[in-house]
Amino acid sequence: MPPGLSRVALPPEEPFVQNSRMWKPRVIDTHTLGEPTRVVLDPPPELVALAPEERFGALAGALLPLARRVVGEPRTSDAAVAAFLFPPADPSHRAALLFANDVGPLRMCVHGMIGVAHALNFRGELDPGTHTFETPAGLVRATLFEEGAVEVENVASRRVATTVPVLTSGGPLRGDICFGGNWFFHLDPSPVAIEPGNLGALLALTREVRLALSEAGITGDDEAEIDHVGLFEPRDRGEHGCDARNFVLCPGGAYDRSPCGTGMSAWLARLHARGRLDPGEIRIVESVIGSRFSGRVSVNEAGEIIPTIRGSAAVVAELSLVFEDADPYLDGLPR
């Protein structure tokens, strides 16, 4: 759990209950180069009533059903991420954001941030330029360009540990623990070729690695769960138009259709730590479906690595969600 974020949970005898008909949020559905984001313009009153520092913990505990009512099957794809918009604590900022999938909140989500910026611009509520947003991971800045591209200056990212061993059915593997707004275990190069025809093998490997990390008690700082696994495969830019291809397993068990902005942030920080990336140098990463992000890093006065990721999004729907109390899968399908 990040510093300052507390976990809020109700005792088992007091389950979460809400009259679903009272909340009909307006949402905008987007995808960022293939990866869906559901931008929730009307966050639930239960979250609005909490102090900003309490929302992450609440959505990880007693209020998780609210996230599951918005994203995940049967209402959306299990790859979708919700972006709840709140008034900012600092009025000079554009908004406060809380990202979540159907298994809990996310500290940060770069593809989601790109989706939010594009959705607000689509509604006429965000002009081209640079805007600051508050997230549980820290402040991020999104720059919207006239042609529609979005650059996200992410939170400070870092490599925490190298050549960490995990035992899998195929033998021991070694990877790096990195932070890019979320916690990652990176295997580079990937032991399985990152190709669309290998999705089954890629999912099986990354799920096994994540389980092995959990069983071995391997965590990030402050015992934070490493809930993302990233595979990277080097590419020759002259031949392929990119520097690497990646495959990222997300916390809910789905894979990222985009090149994963927080995963790429962690990868760029890792390259810089290895002396293989100078500030300002551009790297291009391609997802398993062929979509691409570009990115670079800078180093701030504190010596922290600050990644900037560039991509684009598209709006696919603008609607209001309806929740019927009699729906047996109101809180999503069983997991």
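Please compute the Kirkwood hydrodynamic radius over the range 87-128, one decimal place, Å, based on all pairs of different Cα atoms.
Values: mean 1/r = 0.0870 Å⁻¹.
Roughly 11.5 Å, rounded to one decimal.
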Inset, instruction - Starting with the fewest neighbours, write out GLU46, GLU134 ranked by other beta-carbon atoms found within 10 Å of each beta-carbon. - result: GLU46, GLU134
Legend entry - Cα long-axis angle, helix 110-122 against the chain (0 to 90 degrees, to the nearest 10): 50
Legend entry - Relative pair counts by distance (%), Cα atoms of the chain, 10 Å bins: 6, 27, 36, 24, 7, 1, 0
Inset, instruction - Return the distance in nm (one decimal) between the two label points of a simple spin-label model at LEU139 and VAL48, each offset 7 Å from Cα along Cα→Cβ. - result: 2.6
Inset, instruction - Find the eigenvalues of the gyration tensor of the Cα atoms of the range 155-282, then list the square roots of 5 times those eigenvalues as equivalent ellipsoid semi-axes, largest first, in whole angstrom. - result: 21, 19, 13
Legend entry - Approximate spin-label separation ARG26-SER92, in nm, with each point projected 7 Å along Cα-to-Cβ: 2.9
Inset, instruction - Calculate how steeply helix 199-215 sits against the longest principal axis of the alpha-carbon atoms of the chain, using the helix alpha-carbon long axis, and give the answer as 0 to 90 degrees to the nearest 10. - result: 80
Inset, instruction - Work out the FRET efficiency for SER77 and VAL315 from their Cβ-Cβ distance, taking R0 = 22 Å, and round it to the nearest 0.05. - result: 0.85
Inset, instruction - Just subtract the alpha-carbon distance of GLU215 and SER298 from 0.36 nm times their residue separation and send over the number in nm, one decimal. - result: 26.3 nm
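Read the figures in this text as sums done on the coordinates, not as results from a lab. Please read these numbers as outputs of a predicted model, since none were measured by experiment. All Cβ positions, glycine included, derive from the backbone under ideal geometry; neighbour counts span all protein chains shown.
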